[in-house]
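The structure under discussion appears below in the form of structure tokens.
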Amino acid sequence: MSKIKFVFLIAVVFFSMNILNAQFPVNEEGKSPFVQVVKDIRRSVVNVKVEYEVTFDNRGTRLPFNDDFFKYFFPEPFQNPEKRSRKSMAMGSGFIFKRDKNDVYILTNNHVVEKGEEGTIIITLADKAKYEAEIIGLDADTDLAVVKIEVENDEETVVAPFGDSEEIEIGDWAIAIGNPFGQLGLERTVTVGVISATGRANLRFGQDSPIYQDYIQTDAAINPGNSGGPLVDIHGEVIGVNAAITSTSGGNVGIGFAIPINLAKKVSNDLIEKGRVVRAYMGILPQDITAELKESFDLDAVMGVLVSKVEEDTPAEKSGLKRGDVITHFDGKEVPNVAKFRLYVANSEIDQNIPITIIRDNKEKHLLIKLVERPEELSQNSIEKESENSAELGITVAGLDSDLAQQYEIEEDEGVIIKDIESNSPAALSNLRVGDVIIEVNRKKIKNVKDFRKTISESDEDTILFYVRKSSGNYQYISLKIN
């Protein structure tokens, strides 16, 4: 072999090794760096099983006519519904983030354990020890929850260390640990990927999507049952709580979402100390700046939030904010969009003067605003459950301060917007559509979601009359028969 060929061959070998090392990172011992990361934190991950009962109507066969002749041939139980119940189960993940003597605190998702209020929550630790858990607090607004178990004195537990989700960058390593199929014995499964995006918001995961969204997006496989497990960085610190996936098939397609751990820190602390999350309130309806709005308001960039409405007798009104103002900075931080702004406000100190910067009539102004505690009626957690009539109608509604209302550019001052219509329900067979605004129910004005639920629950009529503003802009009455 000639000297030139030999040198060329050596170069190819070194080049190939560099490529392999780039694709498959290894430490000095030739092992994957993920081995030590997983070894340190894997034992903090727990399996969460919730057992509860579901009550439903066994309606039997409906009679074609309300006639004594048919009633004679089709007696009970065909005529009247009968309440039945069956046992159901939900499974997910969680991780230990605090231990105080024998009390062990576990962070997970609200949607994993919320049924535990009506049933039993069983936590299985890494050593297979099982404990019954109690709910310390639930927060549907972020889809986070804290549960607690009391362990034996000699029970060893590993507490997962928190990282800083503000420091992560797109392209960083991301490791998801959870129980994707706990019923099959696949506990503490590890998947690896990268951070593919940050600050994801305005996502819908069914009827009860969280209000506060600032998701970390990752291509580390997050499968059903991973919910509540930790998303970990290359240093073995938790940067997020796995929460949801986007998929057309129901399986993992490489787009998963985790709640940033910095958001989870505040929520978990409040739930432990107060049993609920305390959030600040400003009193405006914010709107994202679009390219068109940027031109109309002669702004320098597509950033900030537009004040589309100022509520009466709120901190916003008292501070001097007006409709048409553009908020560019809040407490010294740039305001990129509504999702971030909503979090800035919610996590702020109450009864403290906070500086904000606005653009009004092409001029920059500085204001001080003293926030108050967010009223309970605005919290998704405090909204009453669907009444029986509302559930039978198949309608889910949202307030006019919701993202959906902004999406449809609703200008009504009172009412509720339809955000979901259940298939094969009376509403689905009517002329009601998602995006319609319900202004009246049975000729009674509707102010907000709580008002809607109360009016529906108090109705004893078989037919409900709605007065709505269609998403097309037209107004019309729509009659809906419950049975």
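The values are calculated or read from the model by the stated rules, or taken from the named source; none is laboratory data. Predicted model only: the values in this text are computed from it and were never measured. Quick reminder, even Gly has a Cβ in these numbers, built from the backbone with ideal geometry, and neighbours come from all protein chains shown.
Summary of values
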quantity	calculated
Residues (closer than 23 Å to Ser402 by Cβ and of a type in the set (A, V, I, L, M)) located in the range 292-330	Leu293, Val302, Met303, Val305, Leu306, Val307, Val310, Ala316, Leu321, Val326, Ile327
Any pair with Cβ under 6 angstrom, 6 or more apart, that starts in the range 29-54 at a residue that is within 23 Å of Val146 (Cα to Cα) and ends at one that is surrounded by 13 or more Cβ atoms within 10 Å (Cβ to Cβ) and of a type in the set (Lys, Arg)	Arg42/Arg188; Val45/Arg188; Val50/Lys115; Tyr52/Lys115
Complete set of residues in the range 195-233 that are surrounded by fewer than 17 Cβ atoms within 10 Å (Cβ to Cβ) and aliphatic (A, V, I, L, M)	Ala197, Leu203
Boolean, Glu414 is at pLDDT 85 or above, surrounded by fewer than 19 Cβ atoms within 10 Å (Cβ to Cβ) and closer than 28 Å to Thr290 by Cα	yes
The range 243-259, residues that are farther than 16 Å from Pro210 by Cα and modelled with pLDDT under 80	Ser247, Thr248, Ser249, Gly250, Gly251, Asn252, Val253, Gly254
Selection count where residues are hydrophobic (A, V, I, L, M, F, W, C) and either more than 18 Å from the chain's Cα centre (by Cα) or at pLDDT below 90 (or both), scope the range 222-242	4
Residue in the range 414-426 that is nearest to Arg323 (Cα to Cα), counting only those that are part of a loop (DSSP other than H, G, I, E, B) and touching a residue at least 40 places away in the same chain (Cβ under 8 Å)	Gly415
Of all residues making up the range 315-325, the number that are at pLDDT 95 or above and either more than 19 Å from Val372 (Cβ to Cβ) or within 29 Å of the chain's Cα centre (by Cα) (or both)	2
Filtered residues of the range 124-137 (kept if modelled with pLDDT under 95 and among the aliphatic types (A, V, I, L, M))	Leu125, Ala126, Ala129
Where a residue in the range 154-168 is closer than 18 Å to Gln217 by Cβ and its partner, wherever it lies, is of a type in the set (A, V, I, L, M), with Cβ under 6 Å and at least six apart	Gly163/Val238; Gly163/Ile239; Ser165/Ile239; Ser165/Ile261; Ile168/Ile195; Ile168/Ile239
Among the candidates Val147, Val112, residue that is under 22 Å from the mean Cα position of the chain (by Cα), at pLDDT 95 or above and not aromatic (Phe, Trp, Tyr)	Val147
Breaking point among (1) out of contact with any Leu (no Cβ under 7 Å at 6 or more places or on another chain); (2) of a type outside the set (Ser, Thr, Tyr); (3) in contact (Cβ under 8 Å) with a residue 12 or more places away in the chain, for Ala291	(3)
Hits in the range 212-222 (condition: of a type outside the set (Gly, Ala, Ser) and in contact with a Leu (Cβ under 9 Å, 6 or more places away or on another chain))	Tyr212, Gln213, Asp214, Tyr215, Ile216, Thr218, Ile222
Number of the condition not met by Leu429 [criteria: (1) part of a strand (DSSP E or B); (2) out of contact with any helix residue (DSSP H, G or I) (no Cβ under 9 Å at 6 or more places or on another chain); (3) aliphatic (A, V, I, L, M)]	(1)
Any hit, the range 287-310, residues being in a loop (DSSP other than H, G, I, E, B), under 18 Å from Leu203 (Cβ atoms), of a type in the set (S, T, N, Q) and out of contact with any helix residue (DSSP H, G or I) (no Cβ under 6 Å at 6 or more places or on another chain)	no
Number of positions in the range 320-337 that are part of a strand (DSSP E or B) and either basic (Lys, Arg) or closer than 12 Å to Val310 by Cβ (or both)	2
Test: residue in the range 174-188 that is over 25 Å from Glu114 (Cα atoms), in contact (Cβ under 8 Å) with a residue 24 or more places away in the chain and out of contact with any Gly (no Cβ under 6 Å at 6 or more places or on another chain)	yes
Within the range 120-173, considering residues that are part of a loop (DSSP other than H, G, I, E, B) and polar (S, T, N, Q), the one nearest to Gly240 (Cα to Cα)	Ser165
Qualifying residue in the range 272-289 (condition: hydroxyl-bearing (Ser, Thr, Tyr) and modelled with pLDDT of 85 or more)	yes
Conditions (1) of a type in the set (A, V, I, L, M); (2) over 30 Å from Glu117 (Cα atoms); (3) in the same structural domain as Lys98 (by TED's automatic domain parsing); number of the one not met by Val307	(3)
Qualifying positions in the range 201-215 - at pLDDT below 90 and of a type outside the set (Ser, Thr, Tyr)	Ala201, Asn202, Leu203, Arg204, Phe205, Gly206, Gln207, Asp208, Pro210, Ile211
